[in-house]
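Worksheet: one structure, shown below.
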Amino acid sequence: MPGMLGDNAASPIDMAQLPPGAAALIARLQQKVQAQAREIAWAHAKLEKVNFELARLKRWKFGAKTEVMTAQQRALFQEALAEDEASLKAQLAELQRELPEAPKTPKAPPRRPRREKLPEHLERVECWRRPKIDPPVRV
């Protein structure tokens, strides 16, 4: 589509007529958009790969039992799984490093019960059964 961000086609703005700061800003923003487009394309490819491997694993697990994996196939699958897991862990670590650190708020002290203990001078009566209450008498 012509005129979209990140499009390398000629734009209606003449970059030579812009002040140098604005031209530099536009160039940086275009580079950022292109980098983000590459990241999105990579993420989509990675997602497709993981979905494909998931589908294959489901076929192996829930498919016909005559289609048993050989030890070599299992080893290849485990290697691919280990690679993917390592890649995802590295991505998560990189994304966590990029996140701004939030200030840690101190933990609130535990809540205390609102009721206080009964005074010691009161007699304590422990009963196992609930006392019967006579029904009201109708007059």
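The values are calculated or read from the model by the stated rules, or taken from the named source; none is laboratory data. All of these numbers come straight from a predicted model, not from anything done at the bench. No Cβ is skipped: glycine too gets one built from the backbone with ideal geometry, and neighbour counts run over all protein chains shown.
Per-structure values
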item	result
Filter pass, Leu57 being modelled with pLDDT of 85 or more and of a type in the set (A, V, I, L, M)	yes
Members of the range 39-61 found to be surrounded by 10 or more Cβ atoms within 10 Å (Cβ to Cβ), of a type outside the set (A, V, I, L, M, F, W, C) and over 21 Å from the mean Cα position of the chain (by Cα), listed by number	Arg56, Lys58, Arg59
All positions within the range 31-53 that are among the aromatic types (Phe, Trp, Tyr) and over 15 Å from Gln91 (Cα atoms)	Phe52
Count - residues of the range 60-101 that are modelled with pLDDT of 85 or more and outside any helix (DSSP H, G or I)	0
